[in-house]
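The values are calculated or read from the model by the stated rules, or taken from the named source; none is laboratory data. Keep in mind it's a predicted model, so treat the numbers as computed, not measured. We place every Cβ from the backbone using ideal geometry, glycine too, and count neighbours over all the protein chains shown. Keep in mind that these areas ignore ligands, DNA and RNA; they rest on the heavy atoms of the full protein, side chains included. Shrake-Rupley method; radii C 1.70, N 1.55, O 1.52, S 1.80 Å.
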Amino acid sequence: MSSNAAPSNLELAFTRASDDLVALLTRRSGHAVSSSDIFACRQRLDQAIADLSMGHNAAYGPKLPNELWCMIWKDLPLADRLRVTHTCRDWRALCLNTPHVWQYLDFWFYRHPETCTCIGCAFQHGHSRPVRNNSVLVSLALPRSRQLDLFLSIGDRGSDCGLTCSEPAEYLSSLLRPHRRRLRSIDAHLYNAFTLTYFLDEMKSFPALTSLSATSANDRSFGVPLAKERLNMPSLEQLSLVHGWAIWDCKQSFPAVKRLTAPYGWCNSLRNLVESCPNIASLDVSMASFALVNHDNGCEELAERISSIPFVRISNITHAVRWFITFIGPHPPPHVEYAYSDDPRSGVMTVLDDDAECFSCMCDGAVVRMRAEGPTARTTLTFPYHAKVSRHRVWETFYRGKLRHISADWPVWHLIADGMATAGLEGVESLTLYFPTGCDLYDPPPLCDEDEDDYTPPFPGLDVVTVRGGPREVWIPRSWWKRFLGTLRLRSSVRFKFVGVAIYVQEDEEDFEKTEDEEDEDEGDVEDDGCDEDEGDDEDDEHIRGEKDTDEEDDND
């Protein structure tokens with residue numbers, strides 16, 4: 001307050017309250033001071049301090065833009081967004097007057113648990129207990145969104161509401177029916193799959209809906225149809241049904257669907273669903289964890305329809321259900337991916353049995369991805385990566401007639417190294433190895449048993465080996481690199497390219513090499529055959545030196 005500027009109202013209030021307190025204290029010597037005077041002065045002083053604190057916080061405290069607050073609030077559940085409006089006056093005005101906050105609607109319902117002690121459950125038990133829902137909150141949010149698009153999520157919190165699940169569906173459809181032209185997305189996570197069926201049958205028409213996804217954790221959901229009546233979804237582009245809604249007896253039409261995720265229950269039902277989406281560009285078939293009766297009826301018709309889809313992915317495959325994949329016929333789609341949910345066992349690599357020119361084995365996080373690619377077709381196999389994953393004999397079933405290029409990540413090199421030498425890879429021209437930053441350089445596995453009589457080099461026609469590292473430069477010990485080259489048994493004419501990888505000599509290796517040189521000098525002079533001194537190096541040193549990929553043309557290769 002020592003500034004020369006004119007005092008503010010807050011400063012004057014604080015000064016006045018201080019003066020009153022001083023005057024009150026000086027009057028104590030003259031006559032008695034009443035309690036009301038002390039209380040009034042103290043109240044004015046507290047108010048002045050509070051005003052000063054509010055002014056200081058408003059001037060110097062951090063303040064987020066209103067747009068950022070709205071982005072945070074829109075992802076909250078409806079109940080929490082309602083609590084935001086009761087926080088302070090500014091937040092209430094901002095939240096209630098921003099339609100973007102109320103675009104996202106989460107509708108939930110669930111049956112009262114057995115431990116509920118409310119009045120409605122006092123004399124009720126089991127499935128007769130009442131069902132709670134937040135339809136009132138949805139009715140309050142809808143007018144606040146004005147004319148913006150709506151994004152709806154439905155959930156039952158994993159509770160089985162039995163036959164009464166139709167009541168929440170009726171509540172929700174009555175609220176959304178006047179706003180059906182604004183509904184863009186539906187995302188449902190339901191234990192009782194019939195809830196979504198009742199809701200769609202009640203609504204029937206969704207003129208602007210572009211995405212519909214539904215997931216169930218109940219095995220009985222496979223026998224539930226998505227709708228019993230014909231639906232009108234002319235704008236639907238993505239349809240995803242996981243672990244349920246596998247029956248398709250009612251003829252539907254989804255002309256705009258490009259991406260379809262569907263459960264595999266019965267071939268006939270899946271064929272009806274695929275035929276209702278004539279413009280599919282990507283199909284993901286999720287396998288059930290159990291076999292259904294007569295599941296393969298109509299598999300030939302389904303295989304014929306699937307063969308024209310550009311990309312087909314079969315997910316959730318286990319060793320027990322892989323024999324049920326009968327809908328991939330003799331003419332598979334251009335790109336097929338088999339996604340295992342567990343560690344595949346020996347013999348499953350027949351999926352890579354095609355006329356491929358390129359083969360790759362990559363580690364994408366916690367997933368191993370093997371891919372065989374030819375001029376017109378591509379087949380992919382994915383499965384979880386574990387440190388103790390068993391080696392798979394890829395080359396026992398893989399057709400290698402046209403194979404020219406092999407690439408692999410070093411962490412999964414051991415999966416394909418076994419049996420390489422006896423696989424007959426005479427046509428392989430290039431080998432690419434990728435060493436991620438910080439990867440474990442385990443002992444290089446032998447490509448085959450070198451004690452066998454018919455042992456041949458793994459890559460007799462190999463021309464170039466490319467070694468890549470990244471994202472930062474990877475340093476590989478020279479001793480380890482020599483051991484790895486010993487497993488490859490390459491010709492001396494093979495060219496090496498190092499990109500982001502450097503070979504270095506460790507201190508113990510230098511001491512060992514110096515000792516060997518001193519022993520050679522003690523034995524006598526080496527006969528001079530007219531060659532340079534550098535020609536006395538080991539052949540492995542030629543491979544270690546390699547070729548540095550410095551220009552853009554080699555880097556693109």
Would you work out what percent of the accessible area of the range 355-506, with all protein chains in place, is carbon or sulfur (probe 1.4 Å)? 47
Which percent, nearest 5, of DSSP beta bridges in the range 355-506 are antiparallel? 35
What is the spin-label model distance, in nm, from D46 to W91 if the labels are put 7 Å beyond Cα along the C-beta direction? 2.4
Burial ranking of peptide ranges 183-193, 331-341, 74-84 (average Cβ count within 10 Å, highest at the top): 183-193, 331-341, 74-84
By the Cα gyration tensor axes a ≥ b ≥ c (a/c under 1.5 gives rounded; else a/b larger than b/c gives prolate, otherwise oblate), the shape of the range 131-244 is oblate
Measuring from label point to label point, each 7 Å out along Cα→Cβ, what is the R146 to F290 span in nm? 5.2
Counting only residues 5 or more apart in sequence or on a different chain, those whose built amide H sits under 5 Å from that of T432 are I406, S407, A408, T466
Taking amide hydrogens as modeled 1.01 Å from N in the peptide plane, which residues meet the under 5 Å criterion relative to S240, leaving out close sequence neighbours? L212, S213, A214, T261
Assuming 0.36 nm per residue, please report the length gained on full extension of the stretch N279 to S213 beyond their Cα-Cα distance. 21.9 nm
Can you give me the accessible area per residue for the range 159-253, using a 1.4 Å probe, in Å²? 40
Quick calc, S493 & D355: beta-carbon distance into FRET formula, R0 35 Å, rounding 0.05, result 0.75
Hey, with R₀ at 30 Å, roughly what FRET efficiency would S253 and S174 work out to, going by the Cβ-Cβ distance, to 0.05? 0.70
Can you find, among F222, T197, L209, the residue sitting farthest towards the positive end of the charge dipole of the range 153-227, where Lys and Arg contribute +1 and Asp and Glu -1 at Cβ? L209
Pull out the extension gain between H331 and E426, defined as 0.36 nm times the separation in residues minus the alpha carbon to alpha carbon distance; nm, one decimal. 31.4 nm
Among 239-248, 299-308, the order from most to least packed when residues are scored by Cβ within 10 Å on average: 239-248, 299-308
If amide H atoms are modeled at 1.01 Å from N in the peptide plane, then the residues at a separation of 5 or more from L490, or on another chain, having amide H under 5 Å from its own are none
Cβ crowding within 10 Å averaged over residues, with 427-440, 215-228 ranked highest first: 215-228, 427-440
